[in-house]
Amino acid sequence: MGRTLENKKEIVADLKETLSQSTLALVIDYQGLTVSEITDLRRRLRPSGTVCKVTKNTLMGIAIKDDEKWQPLSELLNGSSAFLLVKEDFSSAIKAYQEFQKVSKKTELRGGVLEGRLLKEPDVKVLGDLPSKEQLIAQIAGAINALATKIAVGINEVPGSLARALQAVSDQEPSGGSTETSAVQDSSSETTEADSSTETAAE
């Protein structure tokens with residue numbers, strides 16, 4: 001039983017909505033995959049926020065007809081097509097598909113589209129080699145923690161440095177104070193001797 005016109009409109013509307021939330025679209029030839037294998041592929045893709053759509057090329061063609069961003073997909077619409085629509089974490093999505101491909105050995109990646117650019121299989125592989133979203137977050141967190149540690153160590157060292165500086169000044173004060181006291185005492189002695197001499201001369 002064929003799809004009704006209303007049903008086709010719903011599918012196209014759903015494709016448009018999913019594409020509007022996606023940054024990358026991959027097209028694979030899924031011929032030969034069983035229902036359980038497609039279910040397994042969707043399960044593997046789910047953690048990366050990727051949606052797998054199995055639909056006719058004509059319906060996808062209608063969905064992208066007025067969307068310049070996805071127009072390059074039209075070059076990949078042939079044969080039995082499944083569409084992997086990736087929201088953000090395309091590295092994890094590509095890795096998940098590659099793992100599935102190794103297990104099933106039935107699918108073929110035709111290419112994809114990213115930001116209006118047509119991607120061939122080597123281009124997709126390069127994207128898959130990039131760090132995943134989780135890895136990037138971990139790297140950023142590690143860098144922030146390292147910086148925070150350096151700052152904390154620097155702050156902790158300030159009181160010690162200040163204490164050492166104060167101690168150095170304190171160590172210098174006794175010797176400096178003795179010198180000044182001696183100078184005052186010597187000055188007082190000289191004044192007393194001068195007064196005595198003056199008194200003797202007057203007598």
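Inspect region 72-89 for any residue being assigned by TED's automatic domain parsing to the domain that holds Asp123, touching a Pro at 6+ places or on another chain (Cβ under 9 Å) and under 21 Å from Pro122 (Cα atoms) and give the result as yes or no.
So far as region 72-89 goes, yes, one or more of its residues are assigned by TED's automatic domain parsing to the domain that holds Asp123, touching a Pro at 6+ places or on another chain (Cβ under 9 Å) and under 21 Å from Pro122 (Cα atoms).
Going residue by residue through region 27-38, is there one that turns out to be hydroxyl-bearing (Ser, Thr, Tyr), within 32 Å of the chain's Cα centre (by Cα) and surrounded by 16 or more Cβ atoms within 10 Å (Cβ to Cβ)?
No, because not a single residue in region 27-38 is hydroxyl-bearing (Ser, Thr, Tyr), within 32 Å of the chain's Cα centre (by Cα) and surrounded by 16 or more Cβ atoms within 10 Å (Cβ to Cβ).
Can you pull out the residues in region 15-49 that are small (Gly, Ala, Ser) and in a strand (DSSP E or B)?
Ala25
Restricting to region 7-28, name every residue that is among the hydroxyl-bearing types (Ser, Thr, Tyr) and touching a residue at least 40 places away in the same chain (Cβ under 8 Å).
Thr18, Ser22, Thr23, listed by residue number.
Checking the condition touching a Cys at 6+ places or on another chain (Cβ under 9 Å) and either of a type in the set (S, T, N, Q) or farther than 15 Å from Lys87 by Cβ (or both), which residue from Ile11, Ile38 passes?
Among Ile11, Ile38, only Ile38 is touching a Cys at 6+ places or on another chain (Cβ under 9 Å) and either of a type in the set (S, T, N, Q) or farther than 15 Å from Lys87 by Cβ (or both).
Quick check on region 60-104: of everything there that is among the small types (Gly, Ala, Ser), touching a residue at least 40 places away in the same chain (Cβ under 8 Å) and not in a loop (DSSP other than H, G, I, E, B), which residue is surrounded by the most Cβ atoms within 10 Å (Cβ to Cβ)? Break it down into steps so the answer makes sense when it comes.
Residues of region 60-104 among the small types (Gly, Ala, Ser): 61, 63, 74, 79-82, 91-93, 96, 104.
From what is left, the residues that are touching a residue at least 40 places away in the same chain (Cβ under 8 Å) are 63, 79-82, 91-93, 96, 104.
Adding the requirement that they be not in a loop (DSSP other than H, G, I, E, B) leaves 63, 81-82, 91-93, 96, 104.
Numbers: Ala63: 23, Ser81: 20, Ala82: 19, Ser91: 21, Ser92: 23, Ala93: 28, Ala96: 22, Ser104: 16.
For region 60-104, the residue satisfying everything is Ala93.
Is there any pair linking a residue in region 29-50 that is without any contact (Cβ under 8 Å) to a residue 40 or more places away in the chain to one that is part of a helix (DSSP H, G or I), with Cβ under 9 Å and at least six apart or on different chains, and which?
Qualifying pairs under 9 Å: Arg46/Ala96.
Does Asp14 qualify as being in contact with a strand residue (DSSP E or B) (Cβ under 9 Å, 6 or more places away or on another chain) and among the charged types (D, E, K, R)? Working first, answer last.
On the way: in contact with a strand residue (DSSP E or B) (Cβ under 9 Å, 6 or more places away or on another chain): yes; among the charged types (D, E, K, R): yes.
Yes.
The values are calculated or read from the model by the stated rules, or taken from the named source; none is laboratory data. Treat the numbers as computed from the prediction; the structure is a model and nothing was measured. Positions of Cβ are backbone-derived with ideal geometry, glycine not excepted, and every protein chain shown enters the neighbour counts.
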